[in-house]
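Scroll down for the structure; my scribbles are underneath it.
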Amino acid sequence: MPQMLGTNRLVGKEVGDFYRGHWGKKYSEWQGNSVKFDKGLRDRCVAKYLRDIEKYAPYWLDEFAGIDCSFGWHENTFASLELFGDATPPTPHECTSWILWPDLTGGQSVVLHKCRDSNVRELGVTLRHIPGYNKWLGLGNLGRLSPCMGINDKGLALAMNSGESTRENENAGLTTPDIARVLLEQCSSAEEALDMYRRIISTHSYAHGANGTIFFLMDRHDGIVIENTAWRMASGKLDYGFLIRSNSWHLPGIEAYSCASYKYTHGCEYREVQVRSALKDAFAAHGRIGLEDSWAISRCREGGWQDEYRAVCTMFTNSCSTFQIDLEYPEALATAFVAAGPPCHTVYLPMPIVIDEIPESMMNGSWAAAAFARQTESKMEADIQPFVDLEKQIMELYGNACAIAKGLLNNCEKQAAINILRGAFRDIVKIAEPLCCNITE
């Protein structure tokens with residue numbers, strides 16, 4: 001039986017359980033990298049970062065202090081790690097994401113999918129519920145307290161892509177994962193999240209290196225895309241159909257502040273065309289776009305990241321998530337289908353937001369590490385079929401559980417529905433983990 005861990009085990013007295021080695025390594029790297037930065041500038045950046053946290057999420061400061069204390073670090077060391085720990089040469093970022101509205105999904109749900117392209121290989125799934133704030137489930141860099149993509153128990157899902165390079169940037173502020181965590185913990189709808197995001201930009205509390213950002217917000221009523229520099233933003237709403245972005249801006253006005261080259265933009269828009277074509281083909285063939293269609297698109301491998309015509313999935317596609325929100329029961333039936341690692345080398349695991357524990361292997365990076373090991377061995381020539389077959393088995397089990405849960409919800413038996421979904425998740429983990437994490441009983 002896989003070891004399962006609850007929602008509040010990430011920080012506090014158990015902070016070092018499986019992050020100690022990771023954070024210790026990052027601390028050593030940070031010490032080496034820190035000589036590249038003027039100490040005065042670094043200290044001013046950290047001070048501003050902490051002021052922005054105090055402004056938008058002051059309760060995080062206790063977490064940061066607890067980590068510093070647990071490791072015997074000087075005050076604000078973890079804050080410095082959050083800002084400067086990843087100070088490595090930039091690599092290609094080719095995220096591609098899309099929102100599907102109910103007229104395309106069969107009328108029962110809305111869907112947000114994100115493919116993340118990055119050289120980061122240490123990835124973990126986080127399930128958090130701080131008393132007084134929304135519970136959330138997210139996927140991101142191991143050791144970070146904030147996700148790159150996630151969903152909360154109010155039926156709000158979000159993801160972000162790196163935007164185009166711009167001169168309108170800041171040295172310090174809330175990082176995009178930090179912003180994602182603020183929105184997940186404090187907002188109950190896409191509209192609320194949009195208002196919070198607007199506040200963050202208006203107070204110059206945003207930072208994302210030399211690039212702007214593309215943020216996706218989705219609940220059962222609204223699909224919203226945001227494109228922004230550190231100083232200004234534009235937003236648009238989705239009422240029907242689909243919305244696709246890679247890493248290029250399209251909203252009126254914001255394009256004027258881009259420094260991106262023609263070749264960069266061309267590569268981005270080619271990936272968007274790939275997704276657009278595949279979604280249209282799926283809809284034409286079946287009259288709806290299923291989850292498996294998004295998963296197939298995420299595994300498209302027509303070209304490498306260095307090619308002018310890039311595939312949606314490249315050697316740098318390190319993870320994906322598909323968030324599904326039920327229109328009738330958006331809180332109880334919200335689900336994250338998480339590919340913790342390259343999607344060609346693992347399965348999309350259904351993780352209902354109502355779960356209160358997740359496998360340690362997903363939290364500590366083992367699940368992702370196994371997927372990357374398979375990628376290293378087979379490169380882009382992996383046999384995808386075993387994972388697709390396993391997904392079919394998993395989805396039959398999960399689909400049956402959701403149908404039973406919906407019937408219970410119709411009869412106002414919420415706790416019984418939650419118990420069904422939690423039990424299904426535990427059963428699915430037993431089925432999936434031996435193949436995906438190379439674990440044998």
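Taking the range 183-239 as the search range and keeping residues that are in a helix (DSSP H, G or I) and among the small types (Gly, Ala, Ser), which one is nearest to Ile325 (Cα to Cα)?
Ala190
Residues are listed down the side, and each one gets a yes or a no for (1) among the β-branched types (Val, Ile, Thr); (2) crowded, with 23+ Cβ neighbours inside 10 Å; (3) touching a Gly at 6+ places or on another chain (Cβ under 6 Å):
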| site | (1), (2), (3) |
| --- | --- |
| Pro342 | no, yes, no |
| Thr346 | yes, yes, no |
| Ala370 | no, no, no |
| Glu377 | no, no, no |
| Glu396 | no, no, no |
| Glu413 | no, no, no |
| Pro434 | no, no, no |
| Asn438 | no, no, no |
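Considering the range 90-103 alone, what residues qualify as being surrounded by 22 or more Cβ atoms within 10 Å (Cβ to Cβ) and either modelled with pLDDT under 90 or outside any strand (DSSP E or B) (or both)?
The first filter runs over the range 90-103 and keeps only residues surrounded by 22 or more Cβ atoms within 10 Å (Cβ to Cβ), leaving 94-100.
Result: Glu94, Cys95.
What is the residue count in the range 411-437 for residues that are under 13 Å from Ser361 (Cα atoms) and either touching a residue at least 24 places away in the same chain (Cβ under 8 Å) or outside any helix (DSSP H, G or I) (or both)?
Our first condition is that a residue be under 13 Å from Ser361 (Cα atoms); within the range 411-437, this holds for 429-430, 432-437.
From what's left, either touching a residue at least 24 places away in the same chain (Cβ under 8 Å) or outside any helix (DSSP H, G or I) (or both): 429-430, 432-433, 435-437.
Residues in the range 411-437 being under 13 Å from Ser361 (Cα atoms) and either touching a residue at least 24 places away in the same chain (Cβ under 8 Å) or outside any helix (DSSP H, G or I) (or both): 7 in total.
Checking the conditions here, which among Pro131, Pro147 is part of a loop (DSSP other than H, G, I, E, B) and crowded, with 24+ Cβ neighbours inside 10 Å?
Working: Pro131 fails: crowded, with 24+ Cβ neighbours inside 10 Å.
It is Pro147.
Here is a list of conditions, (1) modelled with pLDDT under 95; (2) under 14 Å from Leu333 (Cα atoms), and Ile418 meets all of them except one; can you say which number that is?
(1)
Looking at (1) among the hydrophobic types (A, V, I, L, M, F, W, C); (2) in contact (Cβ under 8 Å) with a residue 24 or more places away in the chain; (3) surrounded by fewer than 17 Cβ atoms within 10 Å (Cβ to Cβ), which one does Ala285 not meet, given that it meets all the others?
Condition not satisfied by Ala285: (2).
Among the residues that make up the range 218-231, is at least one of them within 19 Å of Pro177 (Cα to Cα) and surrounded by fewer than 17 Cβ atoms within 10 Å (Cβ to Cβ)?
yes
Determine which single condition Leu333 fails, assuming it passes every other condition in (1) assigned by TED's automatic domain parsing to the domain that holds Arg299; (2) of a type in the set (A, V, I, L, M, F, W, C); (3) surrounded by fewer than 15 Cβ atoms within 10 Å (Cβ to Cβ).
All conditions pass for Leu333, except number (3).
Under 7 Å between Cβ atoms, at least 6 apart or on separate chains: pull out the pairs that start in the range 258-276 with a residue that is in the same structural domain as Gly303 (by TED's automatic domain parsing) and end on any residue that is surrounded by fewer than 21 Cβ atoms within 10 Å (Cβ to Cβ) and of a type in the set (Phe, Trp, Tyr).
From the range 258-276, the pairs are Tyr270/Tyr309.
Just checking, which of Gly143, Gly163, Gly173, Gly150 is closer than 19 Å to Thr317 by Cβ and in contact with a helix residue (DSSP H, G or I) (Cβ under 7 Å, 6 or more places away or on another chain)?
Of the residues listed, the single one that is closer than 19 Å to Thr317 by Cβ and in contact with a helix residue (DSSP H, G or I) (Cβ under 7 Å, 6 or more places away or on another chain) is Gly150.
Is it the case, given these coordinates, that Asp356 is surrounded by fewer than 18 Cβ atoms within 10 Å (Cβ to Cβ), assigned by TED's automatic domain parsing to the domain that holds Leu217 and in contact with a strand residue (DSSP E or B) (Cβ under 9 Å, 6 or more places away or on another chain)?
yes
The values are calculated or read from the model by the stated rules, or taken from the named source; none is laboratory data. These numbers were taken from a predicted model, which means no experiment stands behind them. Note that each Cβ is placed from the backbone with ideal geometry, even for glycine, and that neighbours are counted across all protein chains shown.
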